[in-house]
1. Which one of these does D:Leu113 not meet: (1) crowded, with 19+ Cβ neighbours inside 10 Å; (2) out of contact with any Leu (no Cβ under 8 Å at 6 or more places or on another chain)?
2. Given (1) open to solvent by 20 Å² or more (accessible area, probe 1.4 Å); (2) part of a helix (DSSP H, G or I); (3) touching a residue at least 40 places away in the same chain (Cβ under 8 Å), identify the lone condition not met by C:Leu61.
3. Report yes if B:Thr171 is away from chain C (no Cβ under 14 Å), of a type in the set (Ser, Thr, Tyr), closer than 30 Å to B:Arg270 by Cα and over 18 Å from the mean Cα position of the chain (by Cα), otherwise no.
4. Looking at B:Gly106, B:Gly102, can you tell me which residue is closer than 22 Å to C:Gly139 by Cβ and either free of Cβ contacts under 8 Å to residues at least 24 places away in the same chain or in a loop (DSSP other than H, G, I, E, B) (or both)?
5. Give me the residue from the range B:53-74 that is β-branched (Val, Ile, Thr) and in a strand (DSSP E or B) and, out of that set, farthest from C:His285 (Cα to Cα).
6. For C:Thr257, are the conditions met, namely being under 30 Å from A:Tyr220 (Cα atoms) and of a type in the set (Ser, Thr, Tyr)?
7. Restricting attention to the range D:112-122, which residues are closer than 11 Å to C:Leu179 by Cα and more than 7 Å from every other protein chain (Cβ to nearest Cβ)?
8. Please go through the range B:119-138 and pick out each residue that is open to solvent by 30 Å² or more (accessible area, probe 1.4 Å) and either within 12 Å of chain C (Cβ to nearest Cβ) or hydroxyl-bearing (Ser, Thr, Tyr) (or both).
Amino acid sequence: MRASAMTTELLQFTFSGLTVGAVYASVALGFTLIYNASHVVNLAQGEFVMLGAMSTVFLAAAGLPLPVAMILAVLISMVAGLALHRFAIAPARGADPIALIIITIGASIFLRGLAQIVFDKRFHSLPPWFGAEPIVIGGAAVLPQSLVVLAGMLVVLVGLWLFMTRTLFGRAILAASNNPMAATLVGINVPVIVAATFLISSLLGAVVGILVTPITLTSYDAGTILALKGFAAVMLGGIGNPPGAVLGGLLLGLAESFGAGLISSQYKDAIAFVILLAVLLLRPRGLLGGAALERV
Amino acid sequence: MVGRILGSVAIAATLVAGGWSGARAEEIRIGSVVSSTGPASLLGDPQKRTLEMLVEDINAKGGIKGNKLKLVLYDDGGDANAARTFATRLAEEDKVAVVIGGSTTGTTMAMAPVFEDAEIPFMSFAGAIQVIKPVRKWVFKTPHTDLMACEKIFTDLNARKLSKVAFLSGTDGFGKSMRDQCVAAAPKFGIEVVHEETYGPRDADMTPQLTNIKNKAGVQAIIIPGIGQGPAIGVRNYKQLAIAVPLYVSHGVASKEFIALAGEGAEGVRLPAAALLLGEKLAADDPQRPVVLDYTKAYEKKTGQPVSGFGGFAYDGFMIVAEAMKRAPSNKPAAIRDEIEKTKGFVGVDGIYNMSPQDHMGLDLSGFRMVEIRKGDWVAVP
Amino acid sequence: MLNRMLRSRYLPAFLMLAAMLALPYVLPSTYYLRVASMVFVFALAAMGLNLLLGLAGQVSLGHAGFMGVGAYAVAIGPTHLGVPAIPSALAGVALSCLLAYLMGRPILKLKGYYLAVATLGCGLLISMVLTNEAQWTGGPDGMGVPRLVLFDAPVRGVQTWYYVCGVALVIGMVLAINLTFSPTGRALRAIRDSEVAARVVGIDVARQKLFVFVLSAAYAAVAGSLLAFVNGHITPDSTSGFLRSIELITMVVLGGTGAVLGPVAGAAILVILPQALTVFHDYEHMILGLVMMACMIALRQGLVPALTARFRERTA
Amino acid sequence: MSILLRAEDISISFGGIKAVSGVSLAVERGEILSIIGPNGAGKTTFFNIISGLYLPSQGRVMLKDEDVTGRPPEMLARRGLCRTFQNLQVFFGMSALENVMAGRHRHERTSALSHILGLRCVGRENARSAAEAREKLDFVGLADLAERSAGGLSYGALKRLEIARALASEPELLLLDEPAAGCNGTETAQISEIIRKIAGAGITVVLVEHDMKLVMRISDRILVLEQGRSLCLGPPSVVRGDSRVQAAYLGQHGTREAHVA
């Protein structure tokens, strides 16, 4: 009896961790895409999530049907992604990585500033897709929306994988990320590829934002913490490695939920970061980052 | 002494400035520093909107004793350091006669010494009791203290014959401060804190913490002290886990949108709240009813957003200062301060204020009402 | 004499000293002195970070954590432990160095973004302890800092702290210049440019990195203590928060990693800009973001190096 | 003649592929020894092992009769081993002089504390290091460019700058990884002259080099590697006449020449 209560408890923590982790994983995936094509760590990635969510909320409030609002919101986020590339990243091509990071920080401050004027500073939610009545799985209560998020995550992953491996454009992105010089030589237009990754990342962010808002709520400044956690997830998995980003995100979410459930809710973020540090000390390039070998 | 000279210089400067701008009447500068962006923007934003609305309103009605008001408002982004700098700016550059604002305890405590030194009255919207205890000559505040919220909840628990509680408190200033006050006050009410969990202000899921509370034997009630999205998510997860014991949230969620955010889980949740929250539901003979309805109507018309308790703090703060300015023999900071301290029987949206040299808040527990969420609306618990 | 000064490597420090002494005669009120003090304090912390980033090429996204240690030392020492302020400040610097040493030993092996996330984690840990251990730190609302008492007289007034911060910054600058043009400075720059080449000529990379990490933590701690004294009330977020760390690194990069005056320029921008932008009310964040982006796009090496290069071009 | 460096049965593999397998070599004090072999023969990998950058999976490295296998490069530097790199590893943010001064690091004795405080002894030490560095720059013919930023130097000058920096550490054994790669005829001649002068100063030189004319002209002995194995070791005349070398290596001569060009 006690054992089964324990299992239920652990199952509950797992669902919590996976739901939160899926959000981190998606943000991490957005980071990875852009990083692979351009070696830019885009700290404005969280703002794409926010734009998707907040735009949906406000468009729906303005009277648009929810599906239309969602599609428009994704488009808005994609416009932001493209604009970020066109007006801030492309003109700074060749700058130091750290200078590029500062540019994306500037962009995130700008987008937040814009959102607080266009939208408002309050918290908002969206209705869950299949109701709020939890489903009981093995004694653990799971919101249907959590399953939507996890399924959405899976669809995105598979879609991305198919796109990258099966389409010419996707392969061009892979080629450009492996060796931009060689890609240019074989006729791939690298700047277009980089722009495309910003587009895909912003799309990804917006979709995630729309999917999770029924669970997590949203506000104009929801992006900062997502960028922070997404960045940590990327590094946990190993930068530049899409499966690593997903793994890192899920593990980070699980570390937080199990940390909160089993050790201390006060220090759960600390626990997650200690795990991250421990992983990095054992594997300096993250879980799936491969071994470090100095080439001289 | 130096401060006093500076003060007179300030007034002189204001007079000269007024003369130059061609205005015959004196322009009274009212300073404000609120956290209208950043992690405390939930508090600061409605406060900023309220202050702007009220100043506009008073000026439209001819100002105070014929003097127009000028609001000098800065956003500290929730950063105590920025708040301190803006406080210095208000005192030194803007030469304000009185300061209203300081959204959090952290920013308020950072600013208080500046206004103490400059001898400018400072009406804060911070919750924690240390703002007014010990009493600082120039510092006042409008919100109920966290301790009072705890006492209100504990009284209700006593009435329901519940004594063993678990806390799920926010790690932000509000949640932490209220949790500390509650834990300290619990024994006095025969309340035993059997379990404690916390959540981060940006947490999107609290089921692990609530699972622990659910599995803890003997918990008879859960209290979630905090503001913003935290308590809303806590209430959702409480519903998700089908926890049976009663749930209390704090006065920090005091806004209609909380009910929408918390969803169905909010049914039956109780909280201590000011009259503002009840609005139309207040008894027809309730002295606060006209004030509450006036403010609610004006604010919602002006901003298109529902009123929140935080905006209410600003309303009361501003009105107390405005009343004091009407009574004061001059517009000097010292004169205004003295009149604020003499505030008696002022009916605000947060309660009825009776200040004194010993009490720079002037509220008692009667301002707080225990309300319960039923069918998507507040209902007063007798 | 003037000629020698102009060619001296200490020129930036002379300029800073002259500016610091002249400013009070120009600035109309103590509010401006307060803003200038903030510039000095943050410039000092950013300068330490610049030793790490500009000189040794190592990034830290958790440096505000060390500021927090310095700040809370001068608050906790006198309040809870009965230790006078100055020894508390020294203890804070020592503790900050010790923490940097213990954290740096393992994590400085990491490179680039991995080091960035590890330092970020360390900064968060410090900030979290300051937030959670409320019985010592007052929690998220922070705690008061007792006034510094020297020779039985309380040190007060914006002017006094203006000069203290200014002098601290000038000293910090002189020390940074000394370091840059010393064997250690060359070793650090060598590590920045090519770690493997540095190793083969016998530079103990791990030791040098650790040294500069600890040194930069000391700068941050001193800046933190000053911030606490100047403000009189400190909170975890305003001293040690993640956003403060980001702000510090932004100061360094905006100002220019290559120059001693870079962090001062960066700190000046990020401290003064929000004061200037208040006229835009709700639009101030948008404009701040735009200014940051425009700065980095137009002047990629940062303000000071880019402007000096342009000035040289024009005079040449 | 005494043995300065002895590599015994060195092997290393990456991802299952043996990059170096069972190579042994004894370097005598004072000689110029060249390592040649086709691309991918494992020359640079072998270099990286004896200079402490890679840990061999098998075998050991003895420097002056001390086992230094797996010792990091900075420890080897203190024992008198220094090297240059095939792909330039210059400190581009520093002047030419400072690059070479950085090479003096292991001889600089003042403490880090004195560096921060800017004590007089640091000034004296800087002057000493600068003087030594100028001497080394003069040695490689870069005295005129001392104050120039390394970023502004020509490729050939950078190659020599790396050698000067390595010399500044006062090595007993100098490893040069393709010192003439990418250099034109004049530059190659200069490098060749410098290597002779280095050997003349009593420093043992081991180099990896593709330029066969240079190798044949200056080497006392030559080690030929092929596919990670040692093929032949001996004076130039012997190596030139070795049939295995001709088959495995000189047979590809034409294609290699084309590649380098």
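1. (1)
2. For C:Leu61, the failing item is (2).
3. Working: away from chain C (no Cβ under 14 Å): no; of a type in the set (Ser, Thr, Tyr): yes; closer than 30 Å to B:Arg270 by Cα: yes; over 18 Å from the mean Cα position of the chain (by Cα): yes.
So B:Thr171 fails the test.
4. Result of the check over B:Gly106, B:Gly102: B:Gly102.
5. Within the range B:53-74, the match that is farthest from C:His285 (Cα to Cα) is B:Ile64.
6. No: the conditions fail for C:Thr257.
7. D:Leu113, D:Ser114, D:Leu119
8. Correct list: B:Ile129, B:Gln130, B:Pro134, B:Arg136.
The values are calculated or read from the model by the stated rules, or taken from the named source; none is laboratory data. All values derive from a computational prediction rather than experimental measurement. So basically every Cβ, Gly included, is an ideal-geometry build from the backbone, and we count neighbours across all protein chains shown. For the accessible areas, the whole protein counts, side chains as well, though only heavy atoms, and no ligand, DNA or RNA atoms are used. Shrake-Rupley method; radii C 1.70, N 1.55, O 1.52, S 1.80 Å.
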